[in-house]
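The values are calculated or read from the model by the stated rules, or taken from the named source; none is laboratory data. What you see is a predicted model; the values in this text were computed from it and never measured. A quick note on method: Cβ atoms are made from the backbone with ideal geometry, for glycine too, and the neighbour counts reach across all protein chains shown. Note: accessible area is taken over every heavy atom of the protein model, side chains too, but ligands, DNA and RNA are not part of it. Shrake-Rupley method; radii C 1.70, N 1.55, O 1.52, S 1.80 Å.
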Amino acid sequence: SQKIEQNSEALNIQEGKTATLTCNYTNYSPAYLQWYRQDPGRGPVFLLLIRENEKEKRKERLKVTFDTTLKQSLFHITASQPADSATYLCALLNSGYSTLTFGKGTMLLVSP
Amino acid sequence: NAGVTQTPKFQVLKTGQSMTLQCAQDMNHNSMYWYRQDPGMGLRLIYYSASEGTTDKGEVPNGYNVSRLNKREFSLRLESAAPSQTSVYFCASSGGTLGGFYEQYFGPGTRLTVT
């Protein structure tokens, strides 16, 4: 069956360091992968989308990589700040292209 | 530009009661979605509507019905609420009829408790 795995344990890092979050998947051949941020008590907010033919995508301090051979996406936040503390969700495009399946998310905690 | 709005924000129901969750978007999006989010389970798709006039089941449709009232509005109905439907419900929308190709915009959520 299709499966998306994100580290369920919170990632704790110090301000200024680079945070790296992982999204692994099995039994998918997604053409697209998306990353979202979710703050407590709020709906997810879209951050980045990467296509299967793009190895890397950047937006300000964010960088996403997509390795379809390893079936993995890495999400990096450089020069992390306490305001980056949130849960980060990856989402994969389903066959039929109308819907996404979301991972359970990884909580990031950035301490001053 | 309000984006995606949901009502109500909070609701407590007794087992067996019915209610409708309302969702509206003002971005002229074709696709709309209803998700539920439970601790440890992540976001799970209940129903979606790829365009006005169409609706399809998602991963967890049992116990729910939906109506795509027009392009702006997509409602979720619980006919006979059960404690297992206690959850946070999110509505989302995206551009295009192949909504998976586009980013999704989420509403603020409805926290539903069924006792």
*asked:* Cβ-Cβ distance below 6 Å, separation of 6 or more or different chains: which pairs start in the stretch B:22-48 with a residue that is of a type in the set (Gly, Ala, Ser) and end on one that is assigned to a strand (DSSP E or B) and open to solvent by less than 40 Å² (accessible area, probe 1.4 Å)?
replied: B:Ser31/B:Ser94; B:Gly42/A:Phe102
*Just checking, which of B:Val60, B:Val88 is assigned to a loop (DSSP other than H, G, I, E, B) and either in contact with a strand residue (DSSP E or B) (Cβ under 8 Å, 6 or more places away or on another chain) or within 8 Å of chain A (Cβ to nearest Cβ) (or both)?*
B:Val60
*Test B:Met27 against the stated conditions and say whether it is open to solvent by 40 Å² or more (accessible area, probe 1.4 Å), within 10 Å of another protein chain (Cβ to nearest Cβ) and among the hydrophobic types (A, V, I, L, M, F, W, C).*
no
_Which of the numbered conditions does B:Val66 fail, given that it passes all the others? Conditions: (1) surrounded by 16 or more Cβ atoms within 10 Å (Cβ to Cβ); (2) β-branched (Val, Ile, Thr); (3) within 19 Å of B:Lys9 (Cβ to Cβ)._
(3)
*asked:* Can you find a residue that is free of Cβ contacts under 8 Å to residues at least 60 places away in the same chain, β-branched (Val, Ile, Thr) and more than 13 Å from chain B (Cβ to nearest Cβ) anywhere in the stretch A:47-60?
replied: no
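One line per residue, one yes/no per condition, for (1) more than 14 Å from chain B (Cβ to nearest Cβ); (2) surrounded by 17 or more Cβ atoms within 10 Å (Cβ to Cβ); (3) in a strand (DSSP E or B); (4) without any contact (Cβ under 8 Å) to a residue 24 or more places away in the chain:
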| position | (1), (2), (3), (4) |
| --- | --- |
| A:Ile4 | no, yes, yes, no |
| A:Ser8 | no, no, no, no |
| A:Ile13 | yes, yes, yes, no |
| A:Cys23 | no, yes, yes, no |
| A:Pro30 | no, yes, no, no |
| A:Gly43 | no, yes, no, yes |
_Yes/no for A:Asn94 being touching a strand residue (DSSP E or B) at 6+ places or on another chain (Cβ under 7 Å) and on the phi > 0 side of the Ramachandran plot_ = no
*Any residue in the stretch A:47-54 that is hydrophobic (A, V, I, L, M, F, W, C), more than 23 Å from B:Arg36 (Cβ to Cβ), part of a loop (DSSP other than H, G, I, E, B) and over 10 Å from the mean Cα position of the chain (by Cα)?*
no
